[in-house]
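Report on the structure given below.
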Amino acid sequence: MESNEAPEFSETAPLTSDTETSPPSSSLKFLLFLVPLMLVSVIVSFLAPKVLVWNFKSSLLLPSSSSIELGRGGRVRVAPAPSPPVDHQVKKDVSINASTIAPSPNTAPESRVKASVDINKTTATRKYTNLERLEAGLEIVRLAIRDGKRANQTDMVEDKDYAPTGPMYWHDKAFHRSYLEMEKQLQIYIYEEGELPVFHNGPCQGILATEGYFINQLEMDSRFVTRDPEKAHLYFLPFSITYLIRFVYVVDSNEWGPMKHTIMDYVRIVADKYPYWNRSLGADHFMLACHDWGPEISFSVPNLYNNSIRALCNANTSERFIPSKDVSIPEINLPLGDLKGLLGGPSPSKRDILAFFAGGGDHGPIRPILLKHWENKDKDMEVHQYLPKGVDYYQMMRRARFCLCLSGYEVASPRVGEALHTGCVPVLLSSAYAAPFGDVLNWNAFSVIVPVEDIPNLKNILTSISTRRYLTLQRRGVQIRRHFVVNFPPQRYDMYHMILHSIWLRRLNVRIHQQHQAE
């Protein structure tokens with residue numbers, strides 16, 4: 001982080017001239033030094049960009065992803081931080097920084113009161129824009145969350161629905177406070193441009209159902225959605241990557257151009273019609289996609305993948321997914337469009353299988369390794385490419401103590417959600433995967449994370465977990481299962497609200513400032 005301290009200036013060489021008979025006084029020297037700076041400042045004020053976006057340096061969540069500015073002639077200058085190359089780095093970033101979003105319940109700290117007073121005083125001097133008022137409100141939220149870190153546990157706000165506590169959360173008080181602030185403050189504007197089926201719609205069945213479920217529920221949400229874009233903290237780009245592929249892509253053509261041009265044209269339309277995209281270079285805009293091609297298609301608009309919040313199932317840090325800016329969402333399989341009959345499972349004492357996996361062996365590079373070492377090799381390790389006839393997939397998950405969640409061609413797997421739904425402890429076997437809601441959830445506290453190279457030793461790893469440890473993992477998984485449940489209509493702390501909360505946190509990580517032009 002760059003230092004904010006002013007540079008030191010030496011006064012050991014006083015200015016002189018042929019006509020001076022004595023060194024100038026200290027006051028004169030100060031003026032001689034100050035005048036050039038003032039001239040430079042005036043010049044810069046005319047040449048400087050009219051729109052600036054600052055990433056929150058003392059991040060409420062994760063390290064800042066970039067410094068963004070719109071330069072002269074509309075040219076964009078972006079200096080993004082490199083995304084973490086491996087899993088352990090991502091976990092380290094989350095564990096260190098997520099605690100800094102510390103929330104506080106009923107807090108009315110001095111700094112928060114002072115901020116409110118200062119804002120009220122300054123607003124009395126001139127008329128502030130809607131953007132400035134929004135940013136002032138978000139600053140008060142940031143201060144409340146920071147000051148809440150010092151609050152006592154007894155100060156926690158009573159929540160009749162759910163009180164997030166325990167090591168499953170990087171900082172339970174922080175999560176609780178930021179969630180409550182979201183419920184009070186968050187306003188989202190959905191662009192009305194675009195026609196069905198590619199826009200304002202999405203699949204609500206199968207393993208890509210998260211995409212359609214979120215789009216459709218947000219479209220019907222009167223609490224967080226505003227029809228006045230001037231009141232919005234966030235702007236949603238309501239296209240469905242899955243439907244874009246279904247209706248625009250020509251099967252087996254390997255031609256991505258039409259899909260990418262559709263997104264480019266859509267962003268161009270909203271940028272021409274509204275001031276909000278250009279005002280922030282897309283930093284307060286977000287998209288959501290569960291299809292594996294979502295990240296690649298988003299690359300068609302540089303500001304979309306550089307600046308905007310991308311909520312993705314395919315959260316691959318080796319493919320430019322940036323946890324501090326983007327959101328990892330669960331890939332939830334809804335065979336019939338809901339979770340009826342798919343939630344719950346027997347107690348740990350009634351689970352007679354150590355580990356279970358079933359899935360095609362030609363889907364990605366990791367499954368062949370697992371099948372090679374464990375398919376039909378050990379009665380405790382129920383590993384199958386195809387389940388025997390008459391064997392129910394979900395019943396096998398309910399019998400297993402550990403459910404193996406492998407990446408396919410891409411990092412996301414619906415087995416993560418399925419494991420939590422059935423009370424099975426997830427075993428994450430992946431590379432470069434940013435686990436869902438990793439800004440809030442400590443996956444080490446309720447799952448087992450195994451490097452791909454340790455697959456040959458998988459049974460030893462699982463059997464070395466003590467009964468006490470297993471029972472703890474299983475119990476914690478059941479407790480946080482609510483965050484991965486799809487409800488109709490949505491309920492507090494469920495998957496829909498967790499996605500919103502993660503997007504809300506990314507918005508808190510950004511400050512947007514629009515400079516005033518001289519009249």
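The values are calculated or read from the model by the stated rules, or taken from the named source; none is laboratory data. On a predicted model such as this, the values are computed, not experimentally measured, just so you know. Cβ placement follows ideal geometry from the backbone for every residue including glycine, while neighbour counts extend to all protein chains displayed. SASA here: full protein model, heavy atoms, side chains in, ligands and nucleic acids out. Shrake-Rupley method; radii C 1.70, N 1.55, O 1.52, S 1.80 Å.
Is the shape of region 249-295 best called rounded, prolate or oblate, per the rule: a/c under 1.5 gives rounded, else a/b larger than b/c gives prolate, else oblate, with a ≥ b ≥ c the square roots of the Cα gyration tensor eigenvalues?
oblate
If you stretched the chain out fully between Y274 and K231, how much longer would it get, using 0.36 nm times the residue separation minus the C-alpha to C-alpha distance?
14.1 nm
Which of the chymotrypsin sites (Phe, Trp or Tyr not before Pro) found in region 234-270 are in a DSSP loop and have at most 11 neighbouring Cβ atoms, other than their own, within 10 Å?
none
Using mean Cβ contacts within 10 Å as the protection proxy, how do 463-469, 396-402 order, highest first?
396-402, 463-469
Expressed in nm², what is the orientationally averaged projection area of the convex hull enclosing the Cα positions of region 389-483?
Mean projected area of the Cα convex hull: 6.8 nm².
Along the charge dipole of region 213-285, pointing to its positive end and built from +1/-1 on Cβ of Lys, Arg, Asp and Glu, which listed residue (Y276, M220, I241) has its Cα farthest out?
It is Y276.
For the residue pair K372 and N487, what label-to-label distance in nm results when each label sits 7 Å from Cα along the Cα-to-beta-carbon direction?
Spacing of the two 7 Å Cα→Cβ label points: 4.6 nm.
Once amide H atoms are placed 1.01 Å from N in the peptide plane, what residues at a sequence separation of 5 or more from R511, or on another chain, have their amide H within under 5 Å of its amide H?
W54, N55, F56
How much length is gained if the chain between T165 and M220 is pulled fully straight, taking 0.36 nm per residue apart and subtracting their Cα-Cα distance, in nm to one decimal?
16.7 nm is the gain from fully extending T165 to M220.
At q = 0.21 Å⁻¹, what is the base-10 log of I(q)/I(0) for region 218-354 according to the Debye formula with one equal point scatterer per Cα and no solvent? Please give it to two decimals.
-1.37
For the pair S466/K350, report the inter-label distance in nm, with labels modelled 7 Å from Cα in the Cβ direction.
Using points 7 Å along Cα→Cβ, the separation is 2.7 nm.
Using Cα-Cα distances under 8 Å and only pairs 6 or more residues apart, what relative contact order does region 361-409 have, in percent?
Normalised by residue count, the contact order of region 361-409 is 45 percent.
Rounded to whole Å, give me the distance from the Cα center of region 427-449 to that of region 233-267.
Each part reduced to its Cα centre gives a spacing of 29 Å.
Using a simple spin-label model with points 7 Å from Cα along the Cα→Cβ vector, what separation in nm is obtained for K127 and E195?
4.0 nm
Say the cut-off is 18 Å between C-alpha atoms; which of K127/K231; K173/K325; K127/K184; K260/K325 go over it?
Pairs exceeding the cut-off: K173/K325; K127/K184; K260/K325.
Taking 41 Å as R0, compute the FRET efficiency from the Cβ-Cβ separation of K389 and S431 and round it to 0.05.
0.75
Please arrange C313, C204 by accessible surface area, largest first, computed with a 1.4 Å probe and ligands excluded.
Result, largest first: C204, C313.
Using the Cα centre as the reference, give the magnitude of the dipole from point charges on the C-beta atoms of region 348-484 (Lys, Arg: +1; Asp, Glu: -1; all else neutral), rounded to the nearest 20 debye.
In total the dipole reaches around 640 debye.
Report the calculated FRET efficiency for H363 and K184 (r = Cβ-Cβ distance, R0 = 41 Å), to the nearest 0.05.
That gives a FRET efficiency of 0.40.
Starting from region 308-348, pick out the trypsin sites (Lys or Arg not before Pro) whose DSSP state is loop and whose Cβ has at most 13 other Cβ atoms within 10 Å.
Counting only loop positions with at most 13 other Cβ atoms within 10 Å, the trypsin sites (Lys or Arg not before Pro) in region 308-348 are K340.
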